[in-house]
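All of the numbers you see were taken from the coordinates with simple rules; none came from a lab. Predicted model, so just to flag it, every value in this text is computed and none were measured. No Cβ is skipped: glycine too gets one built from the backbone with ideal geometry, and neighbour counts run over all protein chains shown.
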Amino acid sequence: MEAKKSGEELLAEVYRNTHYALASIADILPATEEGALKEELVRMHGEYERIAGKAAACAHERGIELKEPNPLKRAMLWGSVKMNALKDGSRAHIAEMMTQGTVMGITALIRSIRESEDADAPVRAVAGELLAFEQSCEQTLKEYL
């Protein structure tokens, strides 16, 4: 039997997901050559920021305090991204790393949405918006593989 999650937990997942994506993009941008992929990453960063802002506003309206993602996980993510980019900074490898992160985010988000049946409509809407955006990012990133 699946554990039920609250709307608060769903918002926390959206916020965490967007912040890991923002951190990953910020970490990988310096290693990305100028061109279409770099432009796409900058566009994605802006959209993740916009969705993170919507999640934060939604939480604020409900009196929910969202916590910043785990600093240890953030440091591990940074190290992993930097090491992988040093090992292979090709456009295809960067797209592959970003695709893998996006798929992990999609998976976590789908699970949280399914487990949060009683979340209210605005919370579900922001989660759905992030899910649709991440699914489009996955398709776009695959074009660079």
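Okay, here's what the table says:
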{"read-out": "Neighbourhood net charge (15 Å Cβ-Cβ; Lys/Arg +1, Asp/Glu -1) for T140", "value": "-3"}
{"read-out": "Cleavage-rule hits, GluC sites (Glu not before Pro), segment 99-145, DSSP coil, Cβ neighbours within 10 Å at most 15", "value": "E117, E143"}
{"read-out": "In degrees, nearest ten, helix 71-87 long axis to first principal axis of the chain (Cα)", "value": "20 degrees"}
{"read-out": "Highest-MSF residue in the chain out of N84, N70, N17 [GNM, Cα springs under 10 Å]", "value": "N70"}
{"read-out": "Set K5/K67; K38/K67; K54/K142 screened for pairs whose C-alpha atoms are more than 24 Å apart", "value": "K38/K67; K54/K142"}
